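A.B. asks: If you scroll down you'll find the structure; I have some questions about it.
Since every read-out is calculated from the coordinates, none of them should be taken as a lab result. Since the structure is predicted, the reported quantities are computational estimates derived from the model, not experimental observations. When we count neighbours, we look across all protein chains shown, and the Cβ atoms used for this are built from the backbone with ideal geometry, even at glycine.
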């Protein structure tokens, strides 16, 4: 059910992009109870100037490697689950890619279940 958009600076190798997607998917599975094979991701690279991320907002020092992750998912998960997801993604990207935790921006967009169609012109969750 989640749909993930990952935006990162241009120039990362394919393995890097794949690992970012893997970490996000694994974190969704372990913290947000996302079903197996429920993986829908768009990973986009942006040239300099095409990805605007404030380098100091809220006192967090971000580098040129900062990326954004937006997850659209069904409404209803607890704040505790969301916090566990944020932590799992930041920790996973740090452990597997050396990405600084400060460089991980995550946004969750919650929608009602009837707002999904996975194919065939049907609302599978409605």
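A.B. asks: Among what's in segment 82-110 and is in contact with a strand residue (DSSP E or B) (Cβ under 6 Å, 6 or more places away or on another chain) and not in a helix (DSSP H, G or I), pick the residue that is nearest to residue 53 (Cα to Cα).
C.D. replies: 105
A.B. asks: Just give me the residues in segment 67-81 being in contact (Cβ under 8 Å) with a residue 40 or more places away in the chain, over 16 Å from residue 19 (Cβ atoms) and either touching a helix residue (DSSP H, G or I) at 6+ places or on another chain (Cβ under 7 Å) or outside any loop (DSSP other than H, G, I, E, B) (or both), in sequence order. Before the answer, list the steps.
C.D. replies: Quick first cut of segment 67-81, residues in contact (Cβ under 8 Å) with a residue 40 or more places away in the chain only: 67-74, 77, 81.
From the residues that got through so far, the ones that are over 16 Å from residue 19 (Cβ atoms) too are 68, 70-74, 77, 81.
Selection gives 68, 70, 71, 72, 73, 74, 81.
A.B. asks: Could you please give the count of residues in segment 111-126 that are in contact with a strand residue (DSSP E or B) (Cβ under 9 Å, 6 or more places away or on another chain) and outside any helix (DSSP H, G or I)?
C.D. replies: The initial filter retains those residues of segment 111-126 that are in contact with a strand residue (DSSP E or B) (Cβ under 9 Å, 6 or more places away or on another chain), namely 111-113, 115-116, 125.
Cutting the leftovers down to outside any helix (DSSP H, G or I) gives us 111-112, 116, 125.
Number of matching residues: 4.
A.B. asks: Still on this structure, I have one more. Give segment 1-58 a look and list any residue that's within 24 Å of residue 75 (Cα to Cα), assigned to a strand (DSSP E or B) and in contact with a helix residue (DSSP H, G or I) (Cβ under 8 Å, 6 or more places away or on another chain), or say none.
C.D. replies: Selection gives 4, 6, 41, 43.
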